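Encoded as structure tokens, the structure appears first; notes follow it.
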Amino acid sequence: MGLLHSAGGQLTPNAEDAEILVVNTCSFIDSAKQESVNTILEMARHKQSHGGRAQRLIVAGCLVERYRDEIRKNIPEVDAVVGTGELEAILAAAGLVPKPVPATGSPFNIFPQGSSPSSQSLAARAQSSVRQHSHPEADSAQLAIEQNALAQPTVASRPEGDLRQQQGRFSRDAWDGTTAALPEYLYSDETPRILATPRASAYIKIAEGCDHPCSFCIIPQLRGKFRSRRLSSIVAEAEKLIAQGVREITLIGQDTTCYGEDLGLTDGLAQLLEALAVLPNLRWLRFLYTYPNKVTTRLLETMARHDNIARYLDVPLQHASASVLKRMKRGGNAKIFLELIEKARRIVPGIVIRTSFIVGFPGETEEDYKELESFIRAARIDWLGVFTYSDEEGAKAFELDTALKVPERTIQARRRKLMKLQQKISAKAKAEWVGREIDLLVEGESEETELLWEGRTLQHAPEIDGKVFINDFGPHEELVPGTFYRAEITESHDYDVVARIIE
Ligand code: SF4
């Protein structure tokens, strides 16, 4: 969005107003692919039927990495495709010319909510498909994109990633309609950016790609080998965001705990957190998506040392049975994971833990499932998600013996049982929050009812955790979204709590 805006495009969330339609896609699991295809087809129909206002349809993102040629061959309304490693090629695809960023100007902008339509409008949406013709205009835009992609500089890598590459982890040979070259792109603090999140909060992607061998996952083939952004570039980006009013920064990447290993840093994430935590006016700093065996003592101690670093550990464990974890190619077991959680709670008192599990992985027996259930009982995790296994062509687990595949009904039943168990654990833990005084970042009127407002504490990551509903504004006539208030928790529910503003 930043690149398009900086080249003179104006953004609109309304497809009706746009001359250029951009569908940003996901290709992680089948349901995401289907949603992507549906949206592309919807935009293709829109392009055909709205009196010629929409002149270009661009498909971007992971679906392009998986089905590049298929999309171009089978949906003639698509004018260009842009993979995850070709971000800057979006300009050629849109027919826009890059403009130099003024030396004194910030490349950052807040998303112009409800911006008016103009000559170069653009609708950014999420998601692919299949019919049969070719398209000359798409071919010329595509040529420019491919030339641009070739111009990308090569990047450093981790020895583990290099080894896995030799072993074929990143191979896309079996995928029809894709390119062999893996994405290498990394954005920097100089890349123009538009924030689509509420003004006080921003995500910063600190690394891209993943070197892990998890057998259920095709993200490494889609996003390439793990590569970190320069520490100085991340700090510079954070400074610019703070100067613009951002007060909460969330660091993300496919695995944030590998940060810096390709740059020769040891405990790179801890070093990065140290550098960011001291930035003036940064109220809240958090990181998501850690890898269990990479959560180090130094990382935990860094969290404990700084008040503005969230006492919050997001560590997807995926399972607790050693045999399932082994087939998932992740390693670990219930004992190791319980020790990790105990250590985190000891070094960082009050820490909240978020994790997610996959049920129904091929070969998961009733015994494996029971082990997971006991683990959840013992670990008392604060925020927990349970996903059902999705069999993905291209992932190693897809090739496992079909006799090992767990029936869909069993998978769904296991998920329901775990969620029920977690509901009880969560309700009990949330009841202990009642009476606590908290810092609350007010986000605005509740999506569920206009009678309540919503906010988050440092223990709630944006979008994924339970909610804090506000039913009493205390001394205030009204609240200002994006502002911090003191509040007291007055009621608790299974996952959510209710708060009263006190200051
Ligand atoms: S660590 Fe995450 S992104 Fe990487 S292979 Fe495993 S599940 Fe996929």
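What follows draws every value from the coordinates through simple rules; no lab data is involved. Keep in mind it's a predicted model, so treat the numbers as computed, not measured. Here the Cβ positions follow ideal geometry from the backbone for every residue, glycine too, while neighbour counts run over all protein chains shown.
Measure off 7 Å from each Cα along the Cα-to-Cβ vector at ARG199 and GLU408, then give the distance between these two points in nanometres to one decimal.
Those two pseudo-labels are separated by 4.7 nm.
So if we plug the beta-carbon distance of LEU421 and SER49 into 1/(1 + (r/R0)^6) with R0 = 60 Å, what FRET efficiency do we get, rounded to 0.05?
After rounding, the FRET efficiency stands at 0.75.
Tell me the mean residue ellipticity at 222 nm calculated for the chain from its helices only (DSSP H runs of n ≥ 4, each -39500 (n - 2.57), averaged over every residue, nearest 500). Present the calculation step by step, with values, prior to reporting the outcome.
Values: 14 runs with 161 residues, N = 503.
The helix contribution divided over the chain gives -10000 deg cm²/dmol.
Would you work out if segment 185-309 is rounded, prolate or oblate? Take a ≥ b ≥ c from the square roots of the eigenvalues of the alpha-carbon gyration tensor; rounded if a/c is under 1.5, else prolate when a/b is larger than b/c, oblate otherwise.
Here segment 185-309 falls in the oblate category.
Place a +1 charge on the Cβ of each Lys and Arg in the chain and a -1 charge on the Cβ of each Asp and Glu, then give the dipole magnitude about the Cα centre in debye, rounded to the nearest 20.
1060 debye
Of ALA499, GLY350, LEU276, whose Cα points farthest to the positive end of the dipole of the chain (charges on the beta-carbon: +1 Lys, Arg; -1 Asp, Glu; origin at the Cα centre)?
GLY350
Read phi for every residue in segment 243-252 and hand back ³J(HN,Hα) as whole Hz from Karplus 6.51 cos²θ - 1.76 cosθ + 1.60, θ = phi - 60°, with x for Gly and Pro.
Using θ = phi - 60°, the values come out as 4, 8, x, 6, 10, 10, 10, 10, 8, 9 Hz.
Got a sec? Charge dipole of the chain, +1 on Cβ for Lys and Arg, -1 for Asp and Glu; which of TYR389, GLN422, LEU400 is way out at the positive end?
It is LEU400.
What's the exposure ranking of ILE242, ILE206, going from fewest to most Cβ atoms within 10 Å?
Starting with the residue having the fewest Cβ neighbours, the order is ILE242, ILE206.
Taking the Cα centre of segment 185-309 as origin and charging only Cβ (+1 Lys, Arg; -1 Asp, Glu), how large is the dipole, in debye to the nearest 20? Display every interim value, and only then the final one.
Values: 15 positive and 14 negative charges, 59 e Å.
Here the size comes out at about 280 debye.
Stretch GLU445-LEU163 to full length: gain in nm at 0.36 nm per residue minus the Cα-Cα span?
Length gained, GLU445 through LEU163: 96.5 nm.
Using 0.36 nm per residue, how much length does the chain from ASP494 to ILE336 gain when fully extended, once their Cα-Cα distance is taken away? Show your work: numbers first, answer last.
On the way: separation 158, 0.36 × 158 = 56.88 nm, distance 2.83 nm.
Computed gain between ASP494 and ILE336 is 54.1 nm.
Hey, with R₀ at 22 Å, roughly what FRET efficiency would ALA156 and VAL278 work out to, going by the Cβ-Cβ distance, to 0.05?
0.25
For segment 296-402, run through the trypsin sites (Lys or Arg not before Pro) and keep only the ones in DSSP coil with at most 15 other Cβ atoms within 10 Å of their Cβ.
LYS329, ARG380
Measuring from a point 7 Å past the Cα of TYR289 along Cα-to-C-beta, which residues in segment 179-215 have an amide N at less than 15 Å?
183-187, 203-214
Among bridges DSSP assigns within the chain, what percent are antiparallel (round to 5)?
30 percent
Based on the mean of other beta carbon atoms within 10 Å per residue, what is the order of 439-452, 457-470, most packed first? Could the numbers behind the result be given before it?
Values: 439-452: 15.4, 457-470: 19.2.
In descending order of packing, they fall as 457-470, 439-452.
Can you tell me the length gained on complete extension of the stretch SER356 to ASP391, counting 0.36 nm per residue apart and subtracting the Cα distance?
Working: separation 35, 0.36 × 35 = 12.60 nm, distance 1.75 nm.
Full extension from SER356 to ASP391 adds 10.8 nm.
Exceeding 23 Å between C-alpha atoms, which entries from my cross-link table qualify? They are LYS424/LYS467; LYS33/LYS73; LYS47/LYS99; LYS99/LYS240; LYS294/LYS335; LYS326/LYS424.
LYS47/LYS99; LYS326/LYS424
Sticking to Cα atoms, compute the Rg of the chain to one decimal and its Dmax as the biggest Cα-Cα distance, whole number, in Å.
Cα radius of gyration and Dmax of the chain are 23.4, 66 Å respectively.
Per q in 0.24, 0.25 1/Å, what log10 I(q)/I(0) does a Debye calculation on the alpha-carbon atoms of segment 437-501 return?
-1.04, -1.14
Rounded, prolate or oblate for segment 330-486? Axes are the square roots of the Cα gyration tensor eigenvalues, ordered a ≥ b ≥ c, and the cut-off for rounded is a/c under 1.5.
The shape class here is prolate.
Rank these for me by crowding, ILE309, ILE252, going from fewest to most other beta carbons within 10 Å. It would help to have the intermediate numbers written out before the result.
Numbers: ILE309 21, ILE252 15.
If I rank by nearby Cβ atoms, fewest first, I get ILE252, ILE309.
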